[in-house]
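A.B. asks: Before I ask anything, let me first share the structure, which is written out below as structure tokens.
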Amino acid sequence: MAESNSTDFDLLWYLENLSDKEFQSFKKYLARKILDFKLPQVPLINLGATKEELANLLPISYEGQHIWNMLYSIFLMMRKEDHCMKIIGRRNRNQEACKALMRRKITVRWENHTFGEFHYKFFCNVASDVFYVLQLAYDSTSCYSANDLNVFLMGDRASGKTMTINLAVMKWINGEMWQNMISYVVHLTSHEINQMTDSSLAELIAKDWPDGQAPIADILSDPKKLLFILEDVDNLRFELNVNEHALCSNSTQKVPIPILLVSLLKRQMAPGCWFLISSRPTREENIKMFLKTTDCYVTLQFSNEKRELYFHSFFNDRQRASTALMLVHDDEILTGLCRVAILCWITCTVLNRQMDKGHDPQHCCETPTDLHAHFLADALTSKAGLTANQYHLGLLRRLCLLAAGGLFLSTLNFSGEDLRCVGFTEVDVSVLQAVNILLPSSTHKDRYKFIHLNVQEFCAAIAFLMAVPNCLIPSGSRGYKEKREQYCNFNQVFTFIFGLLNENRRKILETTFGYQLPMVESFRRYSVEYMKHLGRDQQKLTHHGSLFYCLFENQEEEFVKKVANTLKEVTLYLQSNKDMMVSLYCLEYCCHLRTFKLSVQRIFEYKEPLVRPTASQMKSLVYWREICSLFCTMDTLWELHLFDSDLNDISERILSKALEHSSCKLRTLKLSYISTASGFEDLLKALARNRSLIHLSLNCTSISLNMFSLLREILDKSTCQIRHLRWSFTPVAQARVQCWDLSSLQPLTPRFK
């Protein structure tokens, strides 16, 4: 890549300002420096070369950074202070030029986002611990730093990764971070990289510089002061599993982009440079490939403490903040929403407006459907300063058309042509931007996107119930789709549809816009009939988690009863308190449930005795106790299949208490791939006191000789009613069993089959 045309990078100028005697000394020093820098020997560089020949020969023989590092070192030894100062001055000017370049880039990314100054100031304050880590990580004198360090910034959609990076770079520009540590920042996004095929490192660095004229030699002169920022690595269109033999070390050589990135990450290029890499946790294989034990791994999420601080800062009113926090803390789904900064802002904005109107948020903001309905209704009317209801409705219709068309065609970033295709005018777009519904994309130039995917999904749900026509937006026909634009899971859209079937929630929109959603009743009837059909063929619905989330969002008692009553068999995968809360609500309406298949993972991973359980752990145990109590209260429930589950000591005891309860009606218990704290001792002892259980199946469970002895003892008890026992083991466990002398365990009781 070409350097600046000034004398700053004119080799001949520097050489011509040496006397003949100095030039001869220079060439001797140069021969020595080539050896010191471990560069290849070039025969033509000899004592007989003229100044002009040498000036022409060096750039075609060596990379710029090596040339200027050698020259500076030689001039220093020759005590050519004027030459050294000229190089230092040039490098200082280029460092300032890089900061000015990054300031413009960050400013452009920010200028069209109008959440308000509060949001950014607050985020800067609450992210102070992240900035502290970033400061220490790139300080080579810190014990937290390491050679070739990578810092991984991980977080879900809209968790603040880009904002954290923007703020960190601005702090560096303003001299508040990385002083004397970082001289240059090279900022790369996955969207930019995805547009490239082949590139050299020099071209990659120069992509943001005017006319591609970047001071490559200075930028690469000291890689230990060079920071590469790679945003959204989960969105890269290619894998990073490149063969070591294909890696490249020449900064001017064009290579395929995957090879270039891996060569950088492996430090074949720019050895000693730093990396700051952001990603969602969905593509961890690309992260694990380069994650070293000395690297730094930071997860972004609003903790309970930060969320409370956010609410108090937003409302600036202790009573309002406490009311809002109580509402959020009492609902696992709302708590989950408020782990993301943008959704936290939406939640606070809605709650604040409802309190301004004198409404009780406990009743008007119970679910995400409530929140999004109020957000849209308030944004499109109150804030826009518009009075014509027909205009409001037209704006909503076009917005929903865009949202649905985007999801069906995997488009989350919309071009001007897309907006015009659904009927938006420039005025419409300005209105939607002013109220923070549509915002300029931070990754795609001249494109817009919804403030959050949840808002787009909610608008798509409205479109379904509006019966808007299909819209083939132009961007949807693009052949290549980035990973983050590939939308295929419509569960959240259907959840919002079920939420809008609730009359009170639907009225938020219908009253505001003076329009009734025409497809509500037909979808309601279809849902009930379809569930009756599934009830006759259980194989068609393999798990019920998504359905339960839909019913929980609806919470219209008669409708939930009609749907849940059709279920005779339910399969659930529980991995969070939110899953348990939703499942518990729906299971209580399953009046004809006979078979319950259940997997519990991640919730009870902590194995150590709990001296002081956290609030979340206490909630987990309360939800689990309520779920287990259903084994005693549901008269129709005869079969429990617990599979792929991890139980700690307390959760196992809770399950055991339920199984041994006199009201437990279970006749069949199947345990498959279960891990327990006691090695099944508590569970098996509970089964000895269960007077209804007839069938027991143990499949691929952890096995021990003590367990066999205990099983025999339990089966011999008069209180035990088990007549049918079946077990199977993994090959490893099977081999272990065959080594034991089990003669003492035979025969089983006469009643046994």
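The values are calculated or read from the model by the stated rules, or taken from the named source; none is laboratory data. All of these numbers come straight from a predicted model, not from anything done at the bench. We place every Cβ from the backbone using ideal geometry, glycine too, and count neighbours over all the protein chains shown. Side chains are part of the model used for accessible areas, which takes the heavy atoms of the whole protein and leaves out ligands, DNA and RNA. Shrake-Rupley method; radii C 1.70, N 1.55, O 1.52, S 1.80 Å.
A.B. asks: Quick one: which of Leu167, Leu188 is surrounded by 19 or more Cβ atoms within 10 Å (Cβ to Cβ), touching a Leu at 6+ places or on another chain (Cβ under 7 Å) and more than 23 Å from Ile87 (Cα to Cα)?
C.D. replies: Leu188
A.B. asks: Looking at the range 246-273, which of its residues are in a loop (DSSP other than H, G, I, E, B), within 19 Å of Val185 (Cβ to Cβ) and of a type in the set (A, V, I, L, M, F, W, C)?
C.D. replies: Answer for the range 246-273, where residues must be in a loop (DSSP other than H, G, I, E, B), within 19 Å of Val185 (Cβ to Cβ) and of a type in the set (A, V, I, L, M, F, W, C): Met269, Ala270, Cys273.
A.B. asks: Out of curiosity, is Asn316 over 17 Å from Leu227 (Cβ atoms), open to solvent by less than 10 Å² (accessible area, probe 1.4 Å) and free of Cβ contacts under 8 Å to residues at least 60 places away in the same chain?
C.D. replies: Here the answer is no, as Asn316 does not meet what is asked.
A.B. asks: Now, a different point. Tell me yes or no: at least one residue of the range 202-225 is within 18 Å of the chain's Cα centre (by Cα), buried (at least 20 other Cβ atoms within 10 Å of the Cβ) and touching a residue at least 60 places away in the same chain (Cβ under 8 Å).
C.D. replies: no
A.B. asks: Hey, any hits in the range 443-461 for a residue that's in contact with a strand residue (DSSP E or B) (Cβ under 6 Å, 6 or more places away or on another chain), more than 11 Å from Phe414 (Cβ to Cβ), open to solvent by 30 Å² or more (accessible area, probe 1.4 Å) and not assigned by the TED database to the domain that holds Trp345?
C.D. replies: Taking every residue of the range 443-461 in turn, at least one turns out to be in contact with a strand residue (DSSP E or B) (Cβ under 6 Å, 6 or more places away or on another chain), more than 11 Å from Phe414 (Cβ to Cβ), open to solvent by 30 Å² or more (accessible area, probe 1.4 Å) and not assigned by the TED database to the domain that holds Trp345.
A.B. asks: When you scan the range 74-91, do you find a residue that is at pLDDT 90 or above, within 21 Å of Ser183 (Cα to Cα) and part of a loop (DSSP other than H, G, I, E, B), even just one?
C.D. replies: Scanning the range 74-91, I find no residue that is at pLDDT 90 or above, within 21 Å of Ser183 (Cα to Cα) and part of a loop (DSSP other than H, G, I, E, B), so the answer is no.
A.B. asks: Another question, if that's okay. So, in the range 462-508, of the ones that are of a type in the set (Asp, Glu) and assigned to a helix (DSSP H, G or I), which residue ends up surrounded by the fewest Cβ atoms within 10 Å (Cβ to Cβ)?
C.D. replies: Glu503
A.B. asks: For Leu517, work out the one condition from (1) open to solvent by 50 Å² or more (accessible area, probe 1.4 Å); (2) closer than 30 Å to Val328 by Cα it doesn't fulfil.
C.D. replies: The single condition Leu517 does not satisfy is (1).
A.B. asks: Would you mind finding the one in Lys27, Lys51, Lys99 that is without any contact (Cβ under 8 Å) to a residue 40 or more places away in the chain and open to solvent by 30 Å² or more (accessible area, probe 1.4 Å)?
C.D. replies: Sole residue among the options that is without any contact (Cβ under 8 Å) to a residue 40 or more places away in the chain and open to solvent by 30 Å² or more (accessible area, probe 1.4 Å): Lys51.
A.B. asks: Follow-up. Looking only at the range 668-680, filter to residues that are assigned to a strand (DSSP E or B) and open to solvent by 30 Å² or more (accessible area, probe 1.4 Å); which one of those is nearest to Cys720 (Cα to Cα)?
C.D. replies: Selected residue: Lys670.
A.B. asks: With the condition kept exactly as written, say whether any residue in the range 630-647 is more than 20 Å from Lys568 (Cβ to Cβ) and crowded, with 21+ Cβ neighbours inside 10 Å.
C.D. replies: yes
A.B. asks: Would you check if there is a residue in the range 526-540 being under 25 Å from Tyr673 (Cα atoms), free of Cβ contacts under 8 Å to residues at least 12 places away in the same chain and open to solvent by 10 Å² or more (accessible area, probe 1.4 Å)?
C.D. replies: Yes, there is a match, as at least one residue in the range 526-540 is under 25 Å from Tyr673 (Cα atoms), free of Cβ contacts under 8 Å to residues at least 12 places away in the same chain and open to solvent by 10 Å² or more (accessible area, probe 1.4 Å).
A.B. asks: Looking for something in contact with a helix residue (DSSP H, G or I) (Cβ under 9 Å, 6 or more places away or on another chain), open to solvent by 70 Å² or more (accessible area, probe 1.4 Å) and closer than 30 Å to Asn436 by Cα - is there at least one such residue anywhere in the range 57-78?
C.D. replies: no
A.B. asks: A further question on this structure: Scan the range 316-326 residue by residue and report those that are out of contact with any Leu (no Cβ under 7 Å at 6 or more places or on another chain) and modelled with pLDDT of 90 or more.
C.D. replies: Those that are out of contact with any Leu (no Cβ under 7 Å at 6 or more places or on another chain) and modelled with pLDDT of 90 or more: Asp317, Arg318, Gln319, Arg320, Ala321, Ser322, Thr323, Leu325, Met326.
A.B. asks: Here's a follow-up. Taking Glu176, is it touching a residue at least 40 places away in the same chain (Cβ under 8 Å), on the phi < 0 side of the Ramachandran plot and open to solvent by 30 Å² or more (accessible area, probe 1.4 Å)?
C.D. replies: It is false that Glu176 is touching a residue at least 40 places away in the same chain (Cβ under 8 Å), on the phi < 0 side of the Ramachandran plot and open to solvent by 30 Å² or more (accessible area, probe 1.4 Å).
A.B. asks: Separate question: Could you tell me which of the residues Leu687, Leu683, Leu693 is under 42 Å from the mean Cα position of the chain (by Cα) and surrounded by 21 or more Cβ atoms within 10 Å (Cβ to Cβ)?
C.D. replies: Within the list Leu687, Leu683, Leu693, the selection yields Leu683.
A.B. asks: Take the range 395-426 and flag every residue that is farther than 14 Å from Ala460 by Cα and in contact with a Pro (Cβ under 8 Å, 6 or more places away or on another chain).
C.D. replies: Ser415, Glu417, Asp418, Cys421
A.B. asks: Let me ask you something else. Only one of these is in a strand (DSSP E or B) and of a type in the set (A, V, I, L, M, F, W, C): Leu204, Leu276. Name it.
C.D. replies: Leu276
A.B. asks: When the range 352-368 is examined, which residues are found to be out of contact with any helix residue (DSSP H, G or I) (no Cβ under 6 Å at 6 or more places or on another chain), open to solvent by less than 70 Å² (accessible area, probe 1.4 Å) and closer than 16 Å to Phe496 by Cα?
C.D. replies: Once the filter is applied, which keeps residues that are out of contact with any helix residue (DSSP H, G or I) (no Cβ under 6 Å at 6 or more places or on another chain), open to solvent by less than 70 Å² (accessible area, probe 1.4 Å) and closer than 16 Å to Phe496 by Cα, the range 352-368 yields only Pro368.
A.B. asks: Find all pairs meeting these conditions: Cβ atoms under 8 angstrom apart; at least six residues apart or on different chains; first residue within the range 233-247 and in contact (Cβ under 8 Å) with a residue 60 or more places away in the chain; second residue open to solvent by 90 Å² or more (accessible area, probe 1.4 Å).
C.D. replies: Within 8 Å, the pairs are Asp234/Thr282; Arg237/Tyr480.
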